[in-house]
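None of the figures in this text is laboratory data; all of them are computed from the coordinates on show. This structure is a prediction, so every number in the text was calculated from the model and none was measured. Cβ placement follows ideal geometry from the backbone for every residue including glycine, while neighbour counts extend to all protein chains displayed.
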Amino acid sequence: MRMYFPNPKAKLPVLSKSNETQLILWGRRKDQSGRLPLGGWARLDSIHAGVWDRWFPKPVKIPVLSFMEKDHEGKSHWFDLVKGQWIQGLIAFEKEEKRIYVVTIEPELEHNIHDRWPRVMSLKINTICKTNAQGSTIFILAFIGALNSLSIDKLFKF
């Protein structure tokens, strides 16, 4: 199923901590009632600056297989995610209203035509072999961060 933001009924999947998927309304359009921000995206720098704090933002995983961005001519291009990747989302709340926004970052490529890019995340795990004092080899799974040079303490935070 493909979702496009201009559709006022567009919903995005959200993965809960119990691994259940729930569909949540994607952003708010000009002609829609409500008090949450207009648009469907939340810039990471604005989240860090506290702009979203008044809507009690909750970071979530958006488990999709691909996403679409348009080029400078307005032509759509689909970008696939690989297994283990997700897009970071933000759920904003205002009384009974709840909507999801795609968290975006500045594009990493110097000559990118987009001024924003979805924040694609993935958990990286390293296996470390150590020998303990008794001479036994032990294996340690070490979480070493996520894409976009995150430290593990910021993995599930903004």
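Return the long-range amide H neighbours of residue 24 (sequence gap of 5 or more, or a different chain), with a cut-off of under 5 Å between placed amide H atoms.
For residue 24, whose amide H was placed from the backbone, the distant partners under 5 Å are 12, 14.
Got a sec? How would 3, 68 order by Cβ neighbour count within 10 Å, fewest to most?
Fewest-to-most Cβ neighbours within 10 Å comes out as 68, 3.
Run the simple label-point estimate for residue 46 and residue 78 please: 7 Å along Cα→C-beta, distance reported in nm.
The answer from the label model is 2.8 nm.
How big is D, in µm² s⁻¹, for region 11-121 by Stokes-Einstein at 37 °C and 0.692 mPa s if Rh is the Kirkwood radius over C-alpha pairs? Display every interim value, and only then the final one.
On the way: Rh = 14.8 Å.
Answer from the Stokes-Einstein relation: 222 µm²/s.
Neighbour counts of other C-beta atoms within 10 Å: give me 11, 83 arranged from fewest to most.
83, 11
Step through the table entries 11/61; 30/70; 30/61; 70/98; 9/83, compare each Cα-Cα distance with 19 Å, and write down the pairs that go over it.
Over 19 Å apart, Cα to Cα: 30/70; 30/61; 70/98; 9/83.
How would 33, 16 line up from fewest to most surrounding beta-carbon atoms within 10 angstrom?
So the residues, fewest neighbours to most, are 33, 16.
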